[in-house]
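*Asks:* Pasting a structure here, questions to come.
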Amino acid sequence: MNRSKIKGVGHYVPDRVISNDYLSTIMNTNNDWIVERTGIQERRWFTPGKDTVTSMSAAASKMAIERAGLEVKDIDFIVFATITPDYFLPGNGVLLQRELGLQGVGALDIRNACSGFIYALSVADQYIKTGMYKNILVVGAEIQSSALDKSDEGRSSAVIFADGAGAAVLGVSDSENAGILSTHLHADGDYAEELYCSDPGSSREVRISPEMIDAGDFFLKMNGNAVFKHAVVRFAEVIKEALDANQKDKSEIDLLVPHQANLRISNYIQQKLGLPDEKVFNNIMHLGNTTAATIPIALSEAWEQGRIKEGDLLCLAAFGSGFAWASALLYW
Ligand code: UT7
């Protein structure tokens, strides 16, 4: 059986920088609260009319393909993780496929929110292992800012979530010592409404009504405390599961790339694992929480900064809406 390997990573973030001070002019918040409670100093929001989930993911994908030493035509499948597609239907995978000129290539959408990229990676990993595909584009991209309630009521979510895209090319590993060792996926739908967006939903007489708009039900709703409490437990569990499955010790991790939910969550996990700063990658400080895009953007930035080297043992881990949580252990 083949082993799959990440051959290239790329990312795109919108050029519109949203500072904490700017947010404090449109809602009742302040820089000190945001930095202390989330670690975020600034984030990027898309420019309407310029950025789309498709355009951002295409830019990230082209970068990943080039860094993989491949051409766009070498991609034979797309797995696209997003909960904020450009259209309600069809999914965003086909839109990216069209943008890249890959008509005919299969495209699958994954809707597992913050864990979406690891779920997508896991699906792609199975296809590479079985030999069904050779070079799969695995994408995480989101425009969250248009789903945020930017009033005082929505401030705890509005200061966190942001926009961006990341991509990885997953191909066949040509070495025993490189590639994905295992992926671990979990979910618990009992908590679906702790972080969700109810409208537009299908099970209503009409999907969108003026009443729904007035009620603001199309905004993202999050019970931050509940999510936080579950996140710290599940992150630790799912990382341990990945290490145990491969008989590895936490001290062997060269770089932990956690989903960028809140810097306090990442710091807690780091402390629990006893990892030094150089073994944990965080970029939430300047990019906020871009849901499914955080891990591929982080991989791309870490690679650019020389924080990932050939042969390094990487652990990816995520937790979010669903609740869904996941991890992956891989040699770069
Ligand atoms: O991406 C994956 C899923 N998401 C997450 O993992 C996020 C997990 N949750 C969190 O990151 C945190 O729960 C938040 C950052 C969302 C909130 O932080 P917190 O420390 O849990 O704050 P809190 O909700 O307990 O609120 C504490 C206080 C409240 O005021 P009172 O009731 O103590 O007077 C809030 O009203 O902070 C207030 N508050 C704010 N103040 C200024 C909430 N949001 C803000 C704000 N600015 N933006």
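*Asks:* Just wondering, is there one or more residues in segment 227-243 that are part of a loop (DSSP other than H, G, I, E, B) and outside the structural domain of GLN41 (by TED's automatic domain parsing)?
*Replies:* Looking through segment 227-243, none of the residues is part of a loop (DSSP other than H, G, I, E, B) and outside the structural domain of GLN41 (by TED's automatic domain parsing).
*Asks:* Going by the conditions given, is ARG67 under 16 Å from TYR12 (Cβ atoms) and crowded, with 22+ Cβ neighbours inside 10 Å?
*Replies:* In short, no.
*Asks:* Follow-up question, since we're still on this one. Can you tell me which of GLN270, GLN260 is within 16 Å of the ligand (Cβ to nearest atom), within 12 Å of the chain's Cα centre (by Cα) and without any contact (Cβ under 8 Å) to a residue 40 or more places away in the chain?
*Replies:* GLN260
*Asks:* Same structure again: Return yes when ALA215 is within 20 Å of the chain's Cα centre (by Cα) and aliphatic (A, V, I, L, M) and no when it is not.
*Replies:* Taking the combined requirement at face value, the residue does not satisfy it.
*Asks:* Let me ask you something else. Identify all residues within segment 146-191 that are outside any loop (DSSP other than H, G, I, E, B), among the aliphatic types (A, V, I, L, M) and at pLDDT below 95; write none if there are none.
*Replies:* ALA147
*Asks:* Residues that are among the small types (Gly, Ala, Ser), at least 2 per element: which strands (runs of 3 or more DSSP E) completely within segment 44-145 meet that?
*Replies:* 106-110, 135-142
*Asks:* Also: Of the residues that make up segment 278-301, is at least one in the same structural domain as GLY322 (by TED's automatic domain parsing), within 25 Å of ASP109 (Cα to Cα) and acidic (Asp, Glu)?
*Replies:* yes
*Asks:* Only one residue in ILE26, ILE18, ILE34 is crowded, with 23+ Cβ neighbours inside 10 Å and in contact (Cβ under 8 Å) with a residue 12 or more places away in the chain. Which one?
*Replies:* It is ILE34.
*Asks:* Do the conditions hold for GLN97, that is, is it without any contact (Cβ under 8 Å) to a residue 24 or more places away in the chain, buried (at least 21 other Cβ atoms within 10 Å of the Cβ) and not assigned by TED's automatic domain parsing to the domain that holds GLY320?
*Replies:* So GLN97 fits the description; yes.
*Asks:* Out of everything in segment 217-254 that is more than 10 Å from the ligand (Cβ to nearest atom) and touching an Asp or Glu at 6+ places or on another chain (Cβ under 6 Å), what residue ends up being nearest to THR183 (Cα to Cα)?
*Replies:* Ranking the candidates gives ASP254 first.
The rows are residues; the columns are (1) within 16 Å of the ligand (Cβ to nearest atom); (2) at pLDDT 95 or above; (3) under 24 Å from THR84 (Cα atoms).
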{"site": "HIS11", "(1), (2), (3)": "no, yes, yes"}
{"site": "ILE26", "(1), (2), (3)": "yes, yes, yes"}
{"site": "ASP32", "(1), (2), (3)": "yes, yes, no"}
{"site": "ARG37", "(1), (2), (3)": "yes, yes, no"}
{"site": "TRP45", "(1), (2), (3)": "yes, yes, yes"}
{"site": "PRO48", "(1), (2), (3)": "no, yes, yes"}
{"site": "THR54", "(1), (2), (3)": "no, yes, yes"}
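*Asks:* OK, next. Could you pull out the residue among ALA60, ALA107 that is within 29 Å of MET285 (Cα to Cα), crowded, with 19+ Cβ neighbours inside 10 Å, not assigned by TED's automatic domain parsing to the domain that holds ILE208 and not aromatic (Phe, Trp, Tyr)?
*Replies:* Among ALA60, ALA107, only ALA60 is within 29 Å of MET285 (Cα to Cα), crowded, with 19+ Cβ neighbours inside 10 Å, not assigned by TED's automatic domain parsing to the domain that holds ILE208 and not aromatic (Phe, Trp, Tyr).
*Asks:* Determine, yes or no, whether MET222 is of a type outside the set (Phe, Trp, Tyr) and either free of Cβ contacts under 8 Å to residues at least 60 places away in the same chain or closer than 30 Å to LYS134 by Cα (or both).
*Replies:* The answer is no for MET222.
*Asks:* Could you list, in sequence order, the residues of segment 194-223 that are part of a helix (DSSP H, G or I) and crowded, with 17+ Cβ neighbours inside 10 Å?
*Replies:* GLU194, MET212
Conditions tested, residue by residue: (1) over 25 Å from TYR331 (Cβ atoms); (2) touching a residue at least 12 places away in the same chain (Cβ under 8 Å); (3) surrounded by fewer than 21 Cβ atoms within 10 Å (Cβ to Cβ).
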residue: ARG111; (1), (2), (3): yes, yes, yes
residue: PHE117; (1), (2), (3): no, yes, no
residue: ASP125; (1), (2), (3): no, yes, no
residue: ILE128; (1), (2), (3): no, yes, no
residue: GLY131; (1), (2), (3): no, yes, yes
residue: ILE136; (1), (2), (3): no, yes, no
residue: GLY140; (1), (2), (3): no, yes, no
residue: GLN144; (1), (2), (3): yes, yes, no
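*Asks:* So GLY164 passes all but one of these: (1) surrounded by 24 or more Cβ atoms within 10 Å (Cβ to Cβ); (2) more than 14 Å from the ligand (Cβ to nearest atom). Which condition number does it fail?
*Replies:* For GLY164, the exception is condition (2).
The values are calculated or read from the model by the stated rules, or taken from the named source; none is laboratory data. All figures in this text were calculated on a predicted structure; none of them were measured in a lab. Cβ: placed from backbone, ideal geometry, glycine included. Neighbour counts: every protein chain shown.
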